[in-house]
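Participant: Pasting in a structure now, in structure tokens, and then I'll have a few things to ask.
The values are calculated or read from the model by the stated rules, or taken from the named source; none is laboratory data. In this text, all values refer to a predicted model and were calculated from it rather than measured experimentally. Please note: Cβ atoms are built from the backbone with ideal geometry, for glycine as well, and neighbour counts cover all protein chains shown. These accessible areas exclude ligands, DNA and RNA; they are computed on the full protein's heavy atoms, side chains included. Shrake-Rupley method; radii C 1.70, N 1.55, O 1.52, S 1.80 Å.
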Amino acid sequence: SAYTAVHVRQGDKWLMANLRESEIPTSAYEDSNYLAWLVGDWAAEGDTAKLQMTYEWMNNKHFLRGKIIATNNDGSTSGGTQIIGKDPESGRIVSWFFDTDGGHGYGEWSRSGSRWAIVTEGTSADGAPTAATNLLYHADDKVVSWQSVNRSLGDMRLPNTREVVIERVSSGN
């Protein structure tokens, strides 16, 4: 914090007349820097699909931009673009996701140690509301895991996804 003190002289003594303490605001970069470990290329491979993710800083390091591509064994692809940064109004880390199929979503991030919970709401390409909580665990600089729980599409509850272990292919530094 920062403080300002106003002293006044009364006779031969200096007295404190006013003291003001205020929080020093952190910059968006400092808050977003909690996610700097995401910068780089990541990949995962499962029985039915391959996942590729690339995260990089946007200009001035206020936001991260992620490109996600999932390639199914039949050759079809899905994915999208994610933007992550600090909302200057709320002070929270937030994200926006734009699906390649035309859907979109918004998430609010909260952190507990090396674990992140991203509570999301969105709209599918056909206009149905979507919701989920995505769990991201930063195990170390080379491994993260991701899982989506409490998922819904319209009025229908969807099953939780399996946890996916994602490995760093290269750092963005």
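Participant: Select from segment 114-142 the residues that are open to solvent by less than 40 Å² (accessible area, probe 1.4 Å), within 23 Å of residue 44 (Cα to Cα) and among the hydrophobic types (A, V, I, L, M, F, W, C) and list them in ascending order.
Facilitator: Passing the criteria: 116, 117, 118, 132, 136.
Participant: Condition first: open to solvent by 50 Å² or more (accessible area, probe 1.4 Å), touching a residue at least 40 places away in the same chain (Cβ under 8 Å) and out of contact with any strand residue (DSSP E or B) (no Cβ under 8 Å at 6 or more places or on another chain). Can you find one or more residues in segment 92-102 that meet it?
Facilitator: Scanning segment 92-102 turns up no residue that is open to solvent by 50 Å² or more (accessible area, probe 1.4 Å), touching a residue at least 40 places away in the same chain (Cβ under 8 Å) and out of contact with any strand residue (DSSP E or B) (no Cβ under 8 Å at 6 or more places or on another chain).
Participant: Moving on. Give me the pairs: first residue in segment 126-146 and under 17 Å from residue 110 (Cβ atoms) and touching a residue at least 40 places away in the same chain (Cβ under 8 Å), second residue aromatic (Phe, Trp, Tyr) and open to solvent by 50 Å² or more (accessible area, probe 1.4 Å), beta-carbon distance under 7 Å, and six or more apart or on different chains, which are they?
Facilitator: Going by the 7 Å Cβ cut-off, the qualifying pairs are 144/137.
Participant: Here's a follow-up. Considering only residues that are assigned to a strand (DSSP E or B) and among the acidic types (Asp, Glu), look in segment 41-58 and name the one that is farthest from residue 164 (Cα to Cα).
Facilitator: Taking the candidates together, the pick is 56.
Participant: Would you please name the residue that is farthest from residue 42 (Cα to Cα), looking only at residues in segment 59-104 that are among the charged types (D, E, K, R) and in a strand (DSSP E or B)?
Facilitator: Among those residues, the one meeting the criterion is 86.
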